[in-house]
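What follows is a single structure, written as structure tokens, with notes after it.
The values are calculated or read from the model by the stated rules, or taken from the named source; none is laboratory data. Small disclaimer: the values here were computed from a predicted structure and weren't measured. Here the Cβ positions follow ideal geometry from the backbone for every residue, glycine too, while neighbour counts run over all protein chains shown. In case anyone asks, the SASA skips ligands and DNA or RNA and just uses the protein heavy atoms, side chains included. Shrake-Rupley method; radii C 1.70, N 1.55, O 1.52, S 1.80 Å.
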Amino acid sequence: MNGTEARTIAAPDLLEMCAAHMRAGGRMQMAYVWFPQAGATPEIRYLASQGANQPFALWCCRPQPGEALPSLAKISPLLGWYEREITELGGVHFDGHPEPFPLVLHEGARSTLPPLDPRYPADQPVEFEAAPWRIPELGGKDVQLLPFGPVRADVLESAQFLFFYIGEGIIHYYPRLFFKHRGMERRFQGLCPKLGTVLAERVSGVGSVAHALAYCQALEAAASCQIPERARWLRVLLAELERLYNHLHYLGYLCHTTTLKVGEAEGRLLEERAKQLNAKLTGSRLLRGIIEPGGLRRDLDSAGLSDALEALRREFADYTARLERTDSHLDRLISTGVLTRKVAVDQGATGPIERASGLDRDLRRDHPYAAYAELPMTVALREAGDACARMQVRIAEIETSFALMQRVLLLLPAGPVRTDCHPIAASEGLGWSESPRGSLYYAVHLDQNGKLARVKIKSPSFSNWRAFPFTVHDSNMMDYAINEASFGLTTAGCDR
Amino acid sequence: MPLWTFFGLTRGTATTAWPASGADNGQTGVLGMPRHYPDRCQDDCDACAAACLPGAIRVHTEASAGARLDVDYGRCVACQLCTEVCPAGAFAPSTDWAFGVRARTDLVWAAATQTAPARALSGMIRSTFGRSLHVRHVDSGSCNGCESELQALNNPFYNLHRLGIFFTPSPRFADLLLVTGPVTYAMRAALVETYQAMPEPRWVMASGTCAVSGGVAEGGYACAAGLEGILPVDVYLPGCPPNPAALIEALLLLLGRAPQRIEGGRLAD
């Protein structure tokens, strides 16, 4: 696979490999299962980062039929969810898993074969009969349980939260996710690669560009396709426009949770302006239908965009200067929902969340794609790990986005924006992008006919939802909404 | 805090006067459903059908007179691929995004438009609710694109409240159930229970192509085909996602405060 150092590892050596990798300061990124041939044993792949500008480590491990792999979740806790997902969707088991409970498929869901197995019929629904769930056992005098969701107040995504609490204090928090699991990865199987872009854009709606980008880059890597210069630069513009409207959204939404009403209204209005700019540029408020394997579907007319962005930047600067001077707002954010650096590393926090806890990582700088290598990048960092730090990181990232976009508009090379990207049969590729919520990976495998055989999506919200509960345990009810808003999680991206 | 109020007031009105007046609806440049021109269609070509991921375009199987293609806008995600692959311009990009209809059949392209959808309904809604409507939203497995646009309805530009339409947390206070997403197996029970918790009379809107037909997520091991066969639907609004102005038009359509603009899969002249 491109950008990786691949090794085949025998199951008994996995634990030692992982431990050595962790000791050397590396971090696991994801694990997934795929079926090289129908009926053959599945292969597990582990992706690990070895530092900036170093290739990723890729470990391939093929267990014997019926053989269980050692669970790595004890040394790298962030792998816990990946392993559970592999068990439920791919049928490979792990020995000694610290959390051996259903995750993606809810209790009561049954299928004849693992749903990702190519022999499982594409349109056969899982059998589902609601069954009691396993919930944490937590007792004691006055401890109460509040289940909230999956249908939540206002216009929000579906998820269920269990709060164990005494008075205002939350003793333990347990989110129950994957109500929105649509089986998106399975839907890619058998598609022609070009159509996969339409699907990738609909995995996480507010991350359409990041998903299309990671997907197309994986395909282009598999096909050894070099896209035109102008397309690389315009992809940066699109990715930063997406970051802009997303970050503005969370700034306004954060004001909603601290009841700073005018701040909320102004934040939402700025987001709306950004979305209207998106539509004028691409025909889609969510920037869909423009990126394709081989470049862009059509050229963009960026006339007037520079001035419009500068006008928006001025309003944004005014707005955030006032936010950062508003004591009532800051009082609710400072020391709220602290994510320590250690938990951020162990549980796999990513994006603005990890950068607000002092982890200096950003795929745009560390593993540059599109035209990022040719652009100056400042990576915003804060150490506090609280809601305020997360807001400050987003503000700083918007400033960077404005600077990047102006530079792109200034230096944009002329030329074509698309080239043919012919898929190569039985090839594979890895694509990544730094979405507004953090690192996003697509691992794409093509079959003998050049159709998609397997697409694994590692979404940033899957990572951040895993880390989030650690900031809620032992906090209080009044801070919960603020904390959740500051994390900027999407359920769609996590559940897929 | 007072400073916020002061600066807020100095900025003047941000809200559009649309749809009461011809003011900006905020959707400049937004592409909608491609327009279909069957007379331009070439024989022996299926480029559009092959490029249509959700199966909104299918080549006619029966040899009958008239159009060669079955076009169902209830399945369209406005990805625009058909407009790019068609060699003859039988599909052309358009800004037709206000695709709210009362009858599902109105989303299917038809040479002759059938008229008289359930007009009686609007009269009843008007007399029951006057000009006010309370909406309970349920996400039955969307990609969050629909939610992003629904949340935009309450921003100062659209300011949905001015139209007497409100989102309510409790289904007990809701008149309309607004559903997004293709209905996953895990959300189905919660969705139906929310509907059952609503007092009668109650209405349902399938918002977004996923809720209308399942869209790109239809079927598979985890999804249904939208609300089809799960809840009775009063207004269908395909779109991927429907933009805030399309949502407003569809809500007003339900209330009988705006006309239905789409008949037989296209803008009624």
Notebook entry, point to check: Where the accessible area of region B:200-269 is counted over protein heavy atoms with a 1.4 Å probe, how much of it, in %, is carbon and sulfur?
Noted result: 45
Next item on the list: Give the accessible area for residue A:227 in Å² (nearest 10); use a 1.4 Å probe, count only protein heavy atoms, and leave out ligands, DNA and RNA.
Entry: 20
Note to self: Let me check against my output: what whole-number percent is the relative contact order of region A:156-306, with C-alpha pairs under 8 Å and at least 6 apart?
What the structure shows: 20
Next item on the list: Show which aspartates and glutamates lie in cross-link reach of residue A:456 when reach means a straight Cα distance below 17 angstrom and same-chain residues fewer than eight apart are skipped.
Entry: A:43, A:83, A:85, A:88, A:117, A:185, A:201, A:220, A:428, A:434, A:447, A:495
Note to self: Which positions within region B:182-223 get 50 Å² or more of their accessible surface covered by the other protein chains, compared to the chain by itself, with a 1.4 angstrom probe?
What the structure shows: B:185, B:186, B:187, B:216, B:220, B:221
Check: Looking at region A:207-309, which trypsin sites (Lys or Arg not before Pro) are in a loop (DSSP not H, G, I, E or B) and have at most 16 other Cβ atoms within 10 Å?
Finding: A:298
Checklist line | the protein assembly as shown, accessible area per residue, ligands and nucleic acids excluded (1.4 Å, Å²) | finding: 36
Check: Once the convex hull of the C-alpha atoms of the protein assembly as shown is built, how many Å³ does it hold per residue, rounded to a whole number?
Finding: 159
Note to self: Output needed: Cys residues of chain A lacking any neighbouring Cys C-beta below 4.7 Å, sorted by number.
What the structure shows: A:18, A:60, A:61, A:192, A:216, A:255, A:388, A:494
Item checked: Nearest-20 debye value, the protein assembly as shown charge dipole, Cβ charges on Lys, Arg, Asp, Glu -> 660
Notebook entry, point to check: Taking square-rooted eigenvalues a ≥ b ≥ c of the alpha carbon gyration tensor, is region A:4-128 rounded, prolate or oblate, where a/c under 1.5 means rounded and, failing that, a/b exceeding b/c means prolate?
Noted result: prolate
Checklist line | Dipole magnitude of region A:4-128 about its Cα centre (Cβ charges: Lys, Arg +1; Asp, Glu -1), debye to nearest 20 | finding: 340
Check: Here are some pairs, A:280/A:458; A:261/A:342; A:342/A:458; A:74/A:451; A:275/A:342; which of them have Cα atoms lying more than 26 Å apart in this structure?
Finding: A:280/A:458; A:261/A:342; A:74/A:451; A:275/A:342
Next item on the list: Extending each Cα 7 Å along its Cβ direction at residue B:196 and residue A:127, get the distance between those two points in nm, one decimal.
Entry: 2.3
Margin query: Given R₀ = 41 Å, what would the calculated FRET efficiency be for residue A:360 paired with residue B:162, taking r from the Cβ atoms and rounding to 0.05?
Written below: 0.35
Next item on the list: Show the residues, 5+ positions off or on another chain, whose built amide H is closer than 5 Å to the amide H of residue B:167.
Entry: B:135
Notebook entry, point to check: Taking N as the number of residues in region A:271-352, what is its alpha-carbon radius of gyration divided by 2.2 N^0.38 Å?
Noted result: 1.60
Next item on the list: May I ask you to compute the full-extension gain from residue A:52 to residue A:424, defined as 0.36 nm times their residue separation minus their alpha-carbon distance, rounded to one decimal in nm?
Entry: 131.0 nm
Notebook entry, point to check: Which percent of the Cα-Cα distances in region B:3-98 go past 15 Å?
Noted result: 67
Next item on the list: With a 1.4 Å probe and all protein chains in place, put A:128, A:94 in order of accessible area, largest first.
Entry: A:128, A:94
Next item on the list: List every residue whose amide H lies under 5 Å from the amide H of residue A:5, counting only residues 5 or more places away in sequence or on a different chain, with H placed 1.01 Å from N in the peptide plane.
Entry: A:56, A:57, A:58
Check: Rounded to the nearest whole Å³, what is the per residue volume of the convex hull around the Cα atoms of chain B?
Finding: 152
Next item on the list: Have a look at region B:133-148 and report residues whose accessible surface goes down by 50 Å² or more when the remaining protein chains are included, against the chain on its own, probe 1.4 Å, ligands and DNA/RNA excluded.
Entry: B:136, B:139, B:143, B:144, B:148
Note to self: I'd like the Karplus ³J(HN,Hα) series for region A:414-423: coefficients 6.51, -1.76, 1.60, θ = phi - 60°, whole numbers in Hz, and an x wherever there's a Gly or Pro.
What the structure shows: 7, x, x, 10, 9, 9, 6, 10, 8, x
Item checked: Chain lengthening between residue A:107 and residue A:37 when straightened (0.36 nm per residue, less Cα-Cα) -> 22.3 nm
Note to self: Compute the distance from the alpha-carbon center of region A:162-232 to that of region A:11-32, in whole Å.
What the structure shows: 24
Next item on the list: Quote to one decimal, in nm, the extra length available between residue A:308 and residue A:64 on full extension: 0.36 nm per residue of separation minus the C-alpha distance between them.
Entry: 81.9 nm
Item checked: Whole-number percent relative contact order across chain A, with pairs defined as alpha carbons under 8 Å at least 6 apart -> 18
Notebook entry, point to check: Ignoring ligands, DNA and RNA, what percent of the accessible area of region A:4-128 is carbon or sulfur (1.4 Å)?
Noted result: 52
Note to self: Just to be sure I understand the model, the point goes 7 Å from the Cα along the line to the Cβ. What's the resulting residue A:166 to residue B:70 distance in nm?
What the structure shows: 6.3
Checklist line | Total accessible surface hidden between B and A, rounded to 100 Å², 1.4 Å probe | finding: 5400
Next item on the list: Name the helices (complete DSSP H segments) of chain A with a Cα length along the long axis of 24 Å or more and a Kyte-Doolittle mean of at least 0.0, or state none.
Entry: A:387-411
Next item on the list: Count neighbours as other Cβ atoms within 10 Å of each site's Cβ, and list the trypsin sites (Lys or Arg not before Pro) in region B:240-269 that are DSSP loop with at most 16 such neighbours.
Entry: B:261
Check: Considering only the other residues whose Cβ falls under 11 Å of the Cβ of residue B:105, what net charge follows from Lys and Arg at +1 and Asp and Glu at -1?
Finding: -1
Note to self: For region A:185-495, take N as its residue count and report Rg(C-alpha) divided by 2.2 N^0.38 Å.
What the structure shows: 0.99
Notebook entry, point to check: For chain B, can you list the cysteines whose C-beta has no other cysteine C-beta under 4.7 Å from it?
Noted result: B:41, B:45, B:52, B:76, B:79, B:86, B:143, B:146, B:210, B:223, B:240
